[in-house]
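Read the structure below first, then the notes.
The values are calculated or read from the model by the stated rules, or taken from the named source; none is laboratory data. These numbers were taken from a predicted model, which means no experiment stands behind them. Every residue, glycine as well, gets a Cβ built from its backbone with ideal geometry; the counts of neighbours run over all protein chains shown. Note: areas computed on protein heavy atoms with side chains; ligands, DNA, RNA excluded. Shrake-Rupley method; radii C 1.70, N 1.55, O 1.52, S 1.80 Å.
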Amino acid sequence: MKIKSILCIATVAAMLISCSGKRGGQPNFGDDEYPVVSVGTSSSASQTTYPATIKGVQDVEIRPKVAGFITRVNVREGQSVGAGQLLFVIDNVTYQAAVRQAQAAVNTAKAQMNTSKLTYENNQKLHEQNVIGDYELKTAKNSYETAQAAVAQAEAALASARENLNFCYVKSPSSGVIGSLPYKVGAMVSASSMPALTTVSNNSSMEVYFSMTEKDILNMTKTSGTTQAAIAAMPTVKLQLADGTIYNHPGKVTKMSGVIDAATGSAQLIAVFPNPNRLLKSGGSGSIIVPHDNNSAIVVPQSCVSEIQDKKFIYTVGKDNKVKFTEIKVAPQNDGNNYVVTEGLNVGDRYITNGITKLTDGQEIKPITPQRYQQKIKEQAKSMTSGDIVNAMKN
């Protein structure tokens, strides 16, 4: 019976609070007693979530520098490769012939240069013996220099032909993981082919791109002084993956765009995450979670805050025990139960926690503690008659 009585009292108290809320949120104590607390500071922990895109630290599109048919594909999708590793071979018969032709041109040019050299050296001796004049000597010298230039030109053409031949062997410019392979053996490709042969992604660590509003960035910069200082002061961030789980390695914001996107009113930031197990893939998506910890925050319950036209108000209590409808500003992040007040309240101010819907600006009240407020609710519940309970249930 005792347990039933306790349950009954609890049920009646709940109905009393519920019904009093319908009448304005204040039990009918028969006086102007309202629960009042003083503003203090406490620790506040919240977080903000931003949509994000995952990319490798270095995503390199692999494209051929020469046109031709693919004769060999030496890698598979998802394979790890090192810098300089051979990826593709392009048909090089034509380029090999061009090298041989360029080599022959070099040999011909060198032979002509050697002949011009002998003629010039012979003319020098004849000139010393006054057999020929200056004109003949200079003509021989010019022919020799022309032959030297022809050799240089032929050697340059040979170097170009050899380079084109080397381009037939497409190698990885960096270490990473092979992306998709849209072309197979026999496909015709060139430098302008779309899509690229593949992408090599360096995924030892990953860059996660997300955007913050201009207002948030300005607040960060004003607080820290400079953009770099704001980035350095940012806490480590978490990455929520596409399946809702939290990536088990924290990341650090390292870069911020210096330009605000006029279309979105936001700027892009980059957080770097280690990727030792290669769990993160370039092109993936997720959400960046930025924590906000404040050890000296002014925290008030959302239940004691009124919202009118996107503005938030709270009833403060002056020294004369008169209430004032005071506008406050709160941090955009909250835990769903409390607000972190940024403007409008100071440490030591007093405010009303319950019954705010029955108050009017300038009304004089009798402050009581929240504990006394709850005690009076229980006392009133115990003193209710059967008729009161029936009426409460009807309401």
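Things worth noting here:
- Applying the criterion of being open to solvent by 50 Å² or more (accessible area, probe 1.4 Å) and either part of a helix (DSSP H, G or I) or β-branched (Val, Ile, Thr) (or both) to the residues of the range 200-214, the residue that is nearest to ASN277 (Cα to Cα) is THR213.
- Any chance VAL290 is out of contact with any Asp or Glu (no Cβ under 9 Å at 6 or more places or on another chain) and open to solvent by less than 20 Å² (accessible area, probe 1.4 Å): yes
- The set of residues in the range 380-395 being under 23 Å from PRO301 (Cβ atoms) and either modelled with pLDDT of 85 or more or open to solvent by 30 Å² or more (accessible area, probe 1.4 Å) (or both) consists of GLN380 alone.
- Verdict on GLY251 being on the phi > 0 side of the Ramachandran plot and open to solvent by less than 50 Å² (accessible area, probe 1.4 Å): no
- Scanning the range 215-243 for residues that are more than 23 Å from PRO332 (Cα to Cα) and either open to solvent by 40 Å² or more (accessible area, probe 1.4 Å) or assigned to a loop (DSSP other than H, G, I, E, B) (or both) turns up GLN228, ALA242, ASP243.
- Failed item in (1) surrounded by fewer than 17 Cβ atoms within 10 Å (Cβ to Cβ); (2) basic (Lys, Arg); (3) outside any helix (DSSP H, G or I), with LYS138 passing the rest: (3)
- Any chance PRO27 is at pLDDT 85 or above, surrounded by 14 or more Cβ atoms within 10 Å (Cβ to Cβ) and either under 30 Å from the mean Cα position of the chain (by Cα) or not in a helix (DSSP H, G or I) (or both): no
- Given (1) of a type in the set (A, V, I, L, M); (2) free of Cβ contacts under 8 Å to residues at least 12 places away in the same chain; (3) more than 30 Å from VAL290 (Cα to Cα), number of the condition ALA191 does not satisfy: (2)
- Test result for ALA161, touching a residue at least 24 places away in the same chain (Cβ under 8 Å) and closer than 16 Å to GLY68 by Cα: yes
- Residues within the range 39-60 that are assigned to a strand (DSSP E or B), at pLDDT below 90 and open to solvent by 40 Å² or more (accessible area, probe 1.4 Å), tallied: 9
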